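Inspection log for the structure reproduced underneath, given as structure tokens.
Just so it is clear, none of the values below were taken in a lab; they were calculated from the coordinates. Not measured: the values here are computed from a predicted model. Heads up, the Cβs are rebuilt from the backbone with ideal geometry, glycines too, and the neighbour counts pull from every protein chain shown.
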């Protein structure tokens, strides 16, 4: 695709995106209706190394110095504002932690965000914990064939993992699902 045009309900006019590709058929540049651009740079192995574009708030370098594991998983990058992202993986090549650091002192602690991930033996996500805030934590429970039957957030996620009960619930959501024998969703209970 080299050009696409979109319209949005309630918004006048049309919006176009133009795409340019390199010889490996990877997106090299995207240009929008306002002639704002995003450009992608790749190394010889075809892995993305930099994202640049139109100047926004004095920033034209959106991400740089992207490094990868041998199998292609992102190890680290530097955001245009100087924050660094570092990812770690399990021996099964599943994400185990994600750290955003190098925050300037006037904006707070050096580590802006740190998340860790626990998994069930089959690799499904069990618990995602964000350092410093219980509110964003999430936990999941699955049935015997791997369908999500419970999704927890906030203190309920931590209660599920720790087998405890904390009142009141602090999470933004709680979801419960029921299925028939053919995997069709029969019921869904939600709290937002």
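When 156, 20, 4 are sorted by how many other C-beta atoms sit within 10 angstrom of their C-beta, beginning with the fewest, the order is 4, 20, 156. Picking from 42, 15, 152, which is most flexible by a Gaussian network model of the chain using Cα springs under 10 Å? Sorting by GNM fluctuation, first place goes to 15.
Over the chain, DSSP H runs of length four or greater, each weighted -39,500 (n - 2.57), average out per residue to a 222 nm ellipticity of -1000 deg cm²/dmol. Taking the square roots of five times each eigenvalue of the Cα gyration tensor of segment 1-60, the equivalent ellipsoid has semi-axes of 25, 16, 7 Å, listed largest first.
Given just the C-alpha atoms of the chain, how large is their convex hull per residue in cubic angstrom?
Details: hull volume 42.7 nm³, N = 192.
In the chain, the Cα convex hull volume per residue is 222 Å³.
Label sites at residue 86 and residue 119, each approximated as a point 7 angstrom past Cα along Cα to Cβ, lie 2.1 nm apart. Contact order, relative form, for segment 38-138: 12 percent (alpha carbon pairs under 8 Å, 6 or more residues apart, mean separation divided by residue count).
Using C-alpha pairs under 8 Å with a sequence gap of at least 6, the mean separation divided by the residue count of the chain gives a relative contact order of 7 percent.
What whole-number volume per residue, in cubic angstrom, does the convex hull of the C-alpha atoms of segment 14-116 give?
Values: hull volume 14.5 nm³, N = 103.
Once divided by residue count, the hull of segment 14-116 is 141 Å³.
The slack between residue 145 and residue 104, meaning 0.36 nm per residue of separation minus the straight C-alpha distance, is 10.1 nm. Between residue 18 and residue 161, the contour length at 0.36 nm per residue exceeds the alpha carbon distance by 46.8 nm.
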